[in-house]
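Notes for the one structure printed next.
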Amino acid sequence: AAVRSIAVDGTSGTLLPVDGAGQPLAEPLMYNDKVDDDAILAVIAREALAASAALGATSGLAKALWFQRQPGVAAVLHQADWIAGQFSGRFDVSDENNALKTGYDVEARRWPDWIAATGMRMDFLPGVVRPGDVTGTLTASAADLFGLARDVAVVAGTTDGCASFLATGAAAVGDGVTALGSSLTIKILSDRPISAPQFGIYSHRLGDTYLAGGASNSGGKVLAQHFPLARIIELSAAIDPMTETGLDYYPLPAVGERFPIADPALPPRLTPRPVDDVDYLKAMLEGIAEIEALGYRRLAELGAPRLTSVRSVGGGAANPAWTAIRQRKLGVGFPPALSDEAAAGTARLALMGAIEAGLL
């Protein structure tokens, strides 16, 4: 089938300054790069709302304030904006998800007034549209370069985190997605925004719903500290997931937790240690599953809807014993994830945009 639309996702918080033709004027500052300017950080701390995702040295707004000093700057863009601009020729538009950490107000759907009070030149910030909105069509040069039709639509994208959620097929309020990688990350689709800076929680807007979640320091990393992967697979095959060890573990790779308990001094709890390795691994899997359940309960306490289903991604999702333990503790259905690739979620946005624009 012929390509009818494209969209771009990118890790939120990566920005670059461009001139009037969209040419970069400096190396980008990556999502985890910090702005080492006390004056910039102080003015954001003074003006930003307490729940804003623009707080902190790695925020998009801190980088935008830094980049606006560049000679010849015409705009400061998120990398997904700039890459999409290579296809559409537009360097004046972003999406609501990438704009969040630059201070965008997802409820009011606009740049808030306090941003100007930080000294940010508002004309340097892109206009913001919903993920999935059509922002243009391919330029002739882009169409020819990639062998695509010149009427292919360019659709506003999203962050890689939101795209990964969309890829699973989760779409209804109450749908959750748990990522079982080196850390444990949970997300839920909500009918209202959830904000809790003390837990590192903020909400992305997806249409008329909100995507909220949190990340624990627990997860696969702590398992790997005790057993190699081959041994985990071997031991898991001997686990009876329908019984409890009775051990109350809180597995952490080191001291400190961020969510669902915000305590930088929280120690790992991995004792008493059973003699049998099967029971030891089982107790750790139970502990991580309990942290997952506590995480969804914490989100509900903060205003999220009741959890109705969980789709699982990441390496841990392939462990049948762990899945059964998690199902028992969460008490909801576990539909399979359609995909765990962010690109699949971004393609889903591109499809939505093409349908809305009447191209399909």
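The helices (runs of 4 or more DSSP H) falling completely within the stretch 116-226 include none with 3 or more residues that are buried (at least 23 other Cβ atoms within 10 Å of the Cβ) and modelled with pLDDT under 95. Within the stretch 246-277, the set of residues being over 30 Å from Y202 (Cβ atoms) and surrounded by fewer than 18 Cβ atoms within 10 Å (Cβ to Cβ) comprises G246, D248, T271, P272, R273, P274, V275, D276, D277.
In this structure, Y202 does satisfy being among the hydroxyl-bearing types (S, T, Y), in contact with a helix residue (DSSP H, G or I) (Cβ under 8 Å, 6 or more places away or on another chain) and within 23 Å of S59 (Cβ to Cβ).
Going residue by residue through the stretch 38-57, is there one that turns out to be part of a helix (DSSP H, G or I), closer than 21 Å to L25 by Cβ, in contact with a Ser or Thr (Cβ under 6 Å, 6 or more places away or on another chain) and not acidic (D, E)? No - not one qualifying residue is present in the stretch 38-57. Of the listed requirements (1) among the hydrophobic types (A, V, I, L, M, F, W, C); (2) within 24 Å of A196 (Cβ to Cβ); (3) part of a loop (DSSP other than H, G, I, E, B), A26 misses just one: (2). Just wondering, is there one or more residues in the stretch 72-79 that are in the same structural domain as A153 (by TED's automatic domain parsing), closer than 18 Å to G127 by Cβ and in a helix (DSSP H, G or I)? Yes. The residues on offer are L25, L61, and the sole one that is over 22 Å from G200 (Cα atoms) and touching a residue at least 24 places away in the same chain (Cβ under 8 Å) is L25. Within the stretch 302-318, being touching a strand residue (DSSP E or B) at 6+ places or on another chain (Cβ under 8 Å) and surrounded by fewer than 22 Cβ atoms within 10 Å (Cβ to Cβ) holds for L302, G303, P305, L307, T308, S309, V313, G314, G315, A317.
For the stretch 26-42, what are the residues that are within 17 Å of A75 (Cβ to Cβ) and surrounded by fewer than 16 Cβ atoms within 10 Å (Cβ to Cβ)?
A26, E27
The values are calculated or read from the model by the stated rules, or taken from the named source; none is laboratory data. Just so it is clear, the model here is predicted, and its values are computed rather than measured. For neighbour counting, all protein chains shown are included, and Cβ atoms are generated from backbone atoms with ideal geometry for every residue, glycine included.
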